[in-house]
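Each value in this text was obtained by applying a stated rule to the coordinates, not by laboratory testing. Predicted, not measured: the structure shown is a model, and the values here were computed from it. Here the Cβ positions follow ideal geometry from the backbone for every residue, glycine too, while neighbour counts run over all protein chains shown.
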Ligand SMILES: [Zn+2]
């Protein structure tokens, strides 16, 4: 039994407390205290349901030099995540049930965050032949995606949506038109011209989202069940407007945004530092403001990290050749707690919802609230500020675009079904 004393509770429903939360048998037993062997003082801190990340690249199998399940899932619990969806663009791609099963088995043995593998929509993520959805779902896959690549063949995407819909699996898309994106390494526009860097236009994202929404319309018309399309790492104002219109029209679409698109802009590329090279690229302040509105009005369902570790050598190289992506599992919540809630007054329950109920809904999971009887997958977050120190990351990628940023809201205790998986109490 664990007792967290005098702690505020924050979930998607709102804020309460301070209360005394008694945890045992994997559940919240009481919000009115009780006897426990372990007592944690929660004064000044707040308790939230454990976070779910819809989009993490854990690199196993095949690229363990960048990350593996052990380092990635440790990074996750340090970031307050109790559940992680791993992307299938590994080597080989996660496109067969036995790979999904092997990943799940290994993750269970680590006893850190729970792993929910996404499986490839097409064999080898080559965009041609669909994977076997039924056996993949049975093995534990929660989502289908060719993320890392885009789905060029609209007919294959439609067939994938039709096949996945009776099983209730969402299909997630990396929405960029490669023929417009070409070799762009940053947002296309005046700044890219000034820096002499090849641009990736916002229209590459918007054009692909528009197409994918039409594919979804078609699949919905042809399916008995509800096909669900999830737009990954949405980065542009125009892309956001398209999703908003589609939602208003009742299309079953959901969308996520990343911590980097919510906290940084293309201005970061001025120093030609490959650290800031991501796909889709960092956009303009106008785009960022639009995303923040989308978080508030429900156009965006989730904040997902797109945690994408690479070796330091790769990220220190030439900007044109460096790979896309940054690690963010360990900083996502403190970053947005500080930048959005503390500095801009973004409502805390809504922020927590974007890390909990929002992503859970994308996967079709029930909401997780802080009430008696609820599963004790929880995170305790404290306001004490400290600078981001990537050298202390559990992730193998020990660098960060936010290095030195002073943030509050760090997870000091993470529990999965009542079991402590991360502890950094003072
Ligand atoms: Zn992607």
Rounding to the nearest 10 and keeping the result within 0 to 90°, find how far the Cα-based axis of helix 69-78 lies from the longest principal axis of the chain.
60
Given q = 0.10, 0.16 Å⁻¹, what are the Debye log10 I(q)/I(0) values for the stretch 58-215, with equal point scatterers placed on the Cα positions and solvent ignored?
-0.42, -0.94
The relative contact order of the stretch 273-426, taking Cα pairs under 8 Å that sit 6 or more residues apart, comes to a percentage of 23
Could you state the angle between the C-alpha long axis of helix 237-248 and the longest principal axis of the C-alpha atoms of the chain, as a value from 0 to 90 degrees rounded to the nearest 10?
70
Can you tell me how much longer the chain between residue 312 and residue 15 gets when fully stretched, taken as 0.36 nm per residue apart minus their C-alpha distance, in nm with one decimal?
102.9 nm
Spin-label pair residue 32/residue 183, simplified geometry with 7 Å Cα→Cβ offset, distance in nm
6.9
Take every Cα pair under 8 Å in the chain that's 6+ residues apart, average their separations, divide by the length, and report that relative contact order as a whole percent.
20
Report the full-extension gain for the segment residue 108 to residue 128: residue separation times 0.36 nm, less the Cα-Cα distance, to one decimal in nm.
4.0 nm
For the chain, state the semi-axes of the equivalent ellipsoid (square roots of 5 times the eigenvalues of the alpha-carbon gyration tensor), sorted largest first and rounded to whole angstrom.
32, 25, 21
Kindly provide the helix-only [θ] at 222 nm of the chain, computed as the sum of -39,500 (n - 2.57) over DSSP H runs of four or more divided by all residues, to the nearest 500 deg cm²/dmol?
-8500 deg cm²/dmol
So if I take the alpha carbon set of the stretch 156-258, get Rg, then get Rh from the Kirkwood formula, what is the Rg over Rh ratio?
1.05
Distance between the C-alpha centers of the stretch 61-93 and the stretch 1-51? Whole Å please.
29
For the stretch 155-192 and the stretch 194-235, compute the distance between their C-alpha centroids and round to whole Å.
5
Taking r as the C-beta separation of residue 249 and residue 152 and R0 as 35 Å, the FRET efficiency to the nearest 0.05 is 0.85
Which of 391, 150, 236 moves most in a GNM of the chain, Cα contacts under 10 Å?
391
Using alpha-carbon coordinates, inclination of helix 97-110 to the longest axis of the chain, degrees
30
So what's the gap between the Cα centers of the stretch 307-379 and the stretch 133-153, to the nearest angstrom?
22
Quick check: residue separation of residue 217 and residue 194 times 0.36 nm, minus the Cα distance between them. What number comes out in nm?
4.3 nm
Go ahead and set up a Gaussian network model of the chain, Cα springs under 10 Å, then flag whichever of 157, 380, 319 fluctuates most.
319
